[in-house]
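Taking it in order: structure first as C-alpha cells, then the write-up.
The values are calculated or read from the model by the stated rules, or taken from the named source; none is laboratory data. Keep in mind that what you see is a predicted model, and the values were worked out from it rather than measured. Every residue, glycine among them, receives a Cβ derived from its backbone with ideal geometry; neighbour counts consider all protein chains shown.
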C-alpha cells in the first residue's frame, strides 16, 4: 500500500536539436524491453506522422527482436487506448467531416438568429472555418455558455460580441444535436479518456485500473490544455514519465518576446505548473548539453557550430580541428566558391536561383551528385519546404524528369477522386434537372459500365443533338441509325441511376425524389456502389498501378479511398439518421463532408527522397537536408490572418480570460523555431536555396535565414545557379535537350562518342534514347504507301474523296490538310446556334423559298419585292420549327436571332427579285449536290496518275441559267456567305481560293446539264453574296431615313462579288448604258473594256485559262498529297497568315516569331492581262 502512495517521477528532458533527446528516450525504452519483456504497458507519445519512424528507429537494435509491452501512440490513439483499458465503451464518435456536415446543416437552420454570419451561411467554406474556431474553444475547454456570457460583456467591442453570439449559438445547437443523437464529438475524445481515468480511480480508490511501466513523450513543441490535462492524469499511474522538449535552456522568469524558444518555453512553463501542483509527483528537470556523445553533430564541426550559435550568432573565423575528428573542416573549405560543382563540398551550401522551378532543378542535380559521387542513399536525404502545396507539383515534376524516387509526405486530398465525383454527381443529377455536365462528369469517372469510346461518342452526339435534362428519361429521337446506336447505351446508363433512386417516391415530371433521411441516402449510395461493382473496379486500378513501370500513386490508394468514404457514410448515418431533407438541401451538406476527405500516405520503407513540410515531416536519421524556398514571407511565413477572430479580437479575448489559438507574436517565434529545426536536421550536409523570382516572374527577396547563416559563416559564398546547363556539366539526358551545344555536336556523331565526351552521363544513355524526348515537329514527308492507305480505302486504285474547302486548306498549309483529312480530326458540333448553324438555317430557308415557288409553278421574277419578303417570312417561321430538332426555338435568344435572320432574308430576296428586271438569268437549282450519296450532278474526277485520282463532292448553293437558242446555256454560280468575302487574285492564282472556279468546272462536265434542264452548260461566272449585309453609315439621320437612300444602300450591301466572262455581261446586266455594276461588282472604261483593277472581269480566253489553271493546280495538289507532303508551310500575305484562324495550331505548335513563312507567287496571266486573246 505504501508503494502505491510513493511519489512518481516526471522528468522534463530539455536539450537543443541534435543533442540526443530522442536517443535517450529510445535507449531507456530498449533497456526496459530487454530487461523486462513482460510487465505493465510502456507508452511512447509522438506526433501521428512520426510513429512509424519511431518504431523503425527502435528496432534498429539487433538485440531487440520485438515487443508486446510498448505502444507508440499519438494523443488520439492514446485516448482510444485508455478507453479500451478502462473498459469504457464509446460508440458513435463523429469524424471531423461529420462535424462539418452537421454544422453546415445547423447554419441553414439558425441563420435567422445569427447577427454576423447570417448572410454567409451558404458559402462553401464557412462551416469548416467555424469548425476550426469551435475546436479552439474545445481545446481551451471553453463551454458554449461561457461564450454566450462573453457576448454580453461590455468589455468587448460590438463586432467581437456579435461573432461570439453567433458562434455560441452554433456551438450550443451543435452540442444539443450530438446529445440528442447520442453522439460524441471528435475533439471530446481526450476529455472522455480523462473522465474514464477519473471514474476508474473514484470506483477503485486505492487500486488504479491500470499501471504504466513508463511514459515517454518526444517531438512536441506545444500542448493543448486537453493534452496536458490527460498527461497530468497519466503521470501518477506511470512508474516513470519523461517529457522531452527541444530547447537549450529552461525558461526564465523574465518575459520572452523575440526568443525562438518562446512556444517551447510556454509549454514547459505549463507543464511545470501542472505537475508541480500534484502531490504525488516529483518533478525533475534535466538539460542535455551540446557536448553529449550521442549528439547528431559530433562528426561535423560546421553543422555543430551552426546549431550552437543559432540563437547567439558568432562568426566562425577559424574553427579548431579536433584530432580525433574523422571529418575535419578547414577555412579553405568554407571559402570554396565552386563548392556546388567542385570536387570538395562544404557541409553547408547556399544557392540563389531564378525561380522555384530552377530551384528544384538545382536540388535535383545536387542530389544526383551526392548519390553518384559521395555514396549517399536517397532515403538519407530530405527536401524540406515551409508550405508543401506551393512546391509539391514543382518538385514532383522535376524529380520525375531526373529519375529521382521521392515520397511526398502529406495527406492526399480525395475531394476530386473519381469515386467522390461519382457520389457527388449522382446526387446533383436529380437535384438540378439532369444537366449535361453532371451526366458526363458521372460517366467520365471510369466507374460506370460504359467504355471510354461509348462515352466519347455519346457525349459528342448529346452535345450535337441537344440531349439534356429529362430527355435522357425518354427514348431518343433523331436519325434512325443514330437512335439504334445510342438507345441501348442510354438504357444502360440509366440502370444504376434507377437503382440509386430505388422505389422511393419521386416527382413524376422531374424524377426528383421526395425528402430522404441520412440512413436512406447512405443506403442509396451503397446500392449504387454495389450495382457498379465499385470495390472490384478500385482493386483493379490498384493492381494496374502496382504493375505500372512508373507508379504515381501509393499502393492500395484507391481501395483506401473507398474505406474513407465508407467511414464518411457511417458518420452521415450517425449525424442525420432521422433527419429528412429535400435532395437539394443535402447537396451542400454532402459537399461539406466530401470536400475535406483525405487519405494518409504510407511512409517510405524503400529508397526514396523525403519531400515534406518542415512543421509536419519527421525523420531524424538524415545525412543531407535541402531547405528550399528561403524567401521573405515564404519562410519565415507571414503570420496567417485568422478567418473569424482577428489578432486584436484574440488579444481582447485573452484579456477576458479566454485563450484560443496562437497570436502573431507566438507565430513569429514559431517560424524562427522552425527555421532552426530545418537547419539542424542533417548530420552531414545542409543546402539552403532561394528563388529571386516567383513562378509568375515577380521579384522576391531572400529570407532572413540566409543573412542569419551568413553572419555565422561570413566566408560562405552564395552560389548563383544558372539553369542553362553546359554540355560538359550535364547530369541527365533531358538536360541535353535544352543545350544548343549538344545539338550542334550531335550531328554526325556515333553512339560510342556520347559517354566519352560526357563523363557525367549514365553510360546506358545513347543518342537514340535522347532523340525520343525531343517531340519536335518534322517536315519529312510520309511514305507514299502510308499516304495512300491514309487518304484512300482502296488499295488497288487509290482515290481521294475530298471537298474544295479541304484542298484550299492544303494550299494554305499541307500540315493542316494532313491533320484534318489524314488524321480525321474535327471540331465537336454543339447544340448551339453558332456561325455554322446560322448559315445552315439561312441556306435551308432559301432552299424552302425556291421549292415553294417551284411547287406553285412560279419563278423568282414572278414576285414583287413585297411578295418575296412576305413569303420568306412565312418560310422562315416554318423552318424555325423544323430546323435541327428545334434548335431555333431552344432558347429565347435563339428565337430572337431567328427573327432577325428572317427579316434579313426577307430583305435579301426582295432585293434579288427587284434586280430580276434587268437580269436575264433564272435560278433553276438550289443546294445542288455533286457527288455524294444522292448527287444531282456527277462528282468531278481528276486523274492524278495511272492508278490514282481525286474526286470532288460538294453542294452548290444556287445555279442561275440563261438559255440561248442554238447555243450553250450560260450558267452562273451563286455562293451564299454569312459575311463579306471577295475573290483575291493572288490567293486564287496560288490555289488558296478555289471554290468558285471549282464549281464552274463541275458545271461544265458533259453530264452536268442533264440534271438542271440544260443540254450543255457554258460557265458565265461565279459570285459570292452576303446574306447578312452591313449597311453603310450616313452623314445624318435624315439621310439614313430617306427611302431612296435606304434602297440604294441595301442594293450596294447585297452586291455580288466574283469572276465572270465579260461576253456574258449583256445577259447579266441589261441596264442601258451602264458602265458600273449594281447587282455585280465591275467597272468599265468608256471603250467598254474592264478597268485594269477589275482582274475578275475576264475575256473568254482568260476565263477559260482561269478554269484550266484551277484543274492543273488541283492535280498538282493531289499528287503532292499522295506523295505524303505534310510540310508545315503556311503562307503569309501582307500581315495575314492562315494560322490566325487555324483550328490546329495546338498540333503543329509553330512559333509565329521564328516561323519562315511561305511567300505566295504573284498572279501572271501573260497575254490575258489586258483582256486580249492570243
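Data overview
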{"item": "The one condition in (1) over 24 Å from residue 247 (Cα atoms); (2) free of Cβ contacts under 8 Å to residues at least 60 places away in the same chain; (3) in a helix (DSSP H, G or I) that residue 26 fails to fulfil", "result": "(1)"}
{"item": "Residue that is surrounded by the fewest Cβ atoms within 10 Å (Cβ to Cβ), among those in the range 640-677 that are at pLDDT 75 or above and in a loop (DSSP other than H, G, I, E, B)", "result": "657"}
{"item": "In the range 119-133, residue nearest to residue 166 (Cα to Cα) [restricted to those that are in contact (Cβ under 8 Å) with a residue 24 or more places away in the chain and in contact with a helix residue (DSSP H, G or I) (Cβ under 9 Å, 6 or more places away or on another chain)]", "result": "130"}
{"item": "Residue check, residue 1061 in contact with a strand residue (DSSP E or B) (Cβ under 6 Å, 6 or more places away or on another chain), in the same structural domain as residue 977 (by TED's automatic domain parsing) and closer than 22 Å to residue 1024 by Cβ", "result": "yes"}
{"item": "Enumerated helices (runs of 4 or more DSSP H) restricted to the range 425-508, each holding at least 2 residues that are under 26 Å from the mean Cα position of the chain (by Cα) and without any contact (Cβ under 8 Å) to a residue 40 or more places away in the chain", "result": "436-443, 452-465"}
{"item": "Test: residue in the range 99-115 that is free of Cβ contacts under 8 Å to residues at least 40 places away in the same chain, surrounded by fewer than 22 Cβ atoms within 10 Å (Cβ to Cβ), part of a loop (DSSP other than H, G, I, E, B) and outside the structural domain of residue 645 (by TED's automatic domain parsing)", "result": "no"}
{"item": "Residue satisfying all of: in the range 363-408; under 19 Å from residue 601 (Cβ atoms) and part of a loop (DSSP other than H, G, I, E, B); nearest to the chain's Cα centre (by Cα) among these", "result": "387"}
{"item": "Restricting the range 1146-1174 to residues that are at pLDDT below 75 and in a helix (DSSP H, G or I), the residue that is surrounded by the fewest Cβ atoms within 10 Å (Cβ to Cβ)", "result": "1166"}
{"item": "Criterion violated by residue 1092 - all others in (1) modelled with pLDDT under 90; (2) surrounded by 16 or more Cβ atoms within 10 Å (Cβ to Cβ); (3) closer than 26 Å to residue 1000 by Cβ satisfied", "result": "(2)"}
{"item": "The range 1069-1106, subset in contact with a strand residue (DSSP E or B) (Cβ under 7 Å, 6 or more places away or on another chain) and assigned to a helix (DSSP H, G or I), residue farthest from residue 781 (Cα to Cα)", "result": "1100"}
{"item": "Residues (buried (at least 23 other Cβ atoms within 10 Å of the Cβ) and over 13 Å from residue 397 (Cα atoms)) located in the range 353-362", "result": "353, 362"}
{"item": "Count of the range 792-808 residues which are in contact (Cβ under 8 Å) with a residue 24 or more places away in the chain and touching a helix residue (DSSP H, G or I) at 6+ places or on another chain (Cβ under 6 Å)", "result": "4"}
{"item": "Flag for residue 607 being closer than 22 Å to residue 52 by Cα, out of contact with any strand residue (DSSP E or B) (no Cβ under 9 Å at 6 or more places or on another chain) and at pLDDT 80 or above", "result": "yes"}
{"item": "Residue match in the range 690-697 (condition: modelled with pLDDT of 85 or more, under 22 Å from residue 391 (Cα atoms) and surrounded by 17 or more Cβ atoms within 10 Å (Cβ to Cβ))", "result": "yes"}
{"item": "Any hit, the range 34-47, residues being closer than 20 Å to residue 618 by Cβ, under 43 Å from the mean Cα position of the chain (by Cα) and part of a helix (DSSP H, G or I)", "result": "no"}
{"item": "Wholly within the range 558-636, strands (runs of 3 or more DSSP E) carrying at least 2 residues that are crowded, with 20+ Cβ neighbours inside 10 Å", "result": "609-613, 622-627"}
{"item": "Single unsatisfied condition, residue 829 versus (1) touching a residue at least 60 places away in the same chain (Cβ under 8 Å); (2) within 23 Å of residue 955 (Cβ to Cβ); (3) in a helix (DSSP H, G or I)", "result": "(3)"}
{"item": "Exclusive hit being surrounded by fewer than 20 Cβ atoms within 10 Å (Cβ to Cβ), closer than 29 Å to residue 1052 by Cβ and in contact (Cβ under 8 Å) with a residue 24 or more places away in the chain, set 1125, 1069, 1143", "result": "1069"}
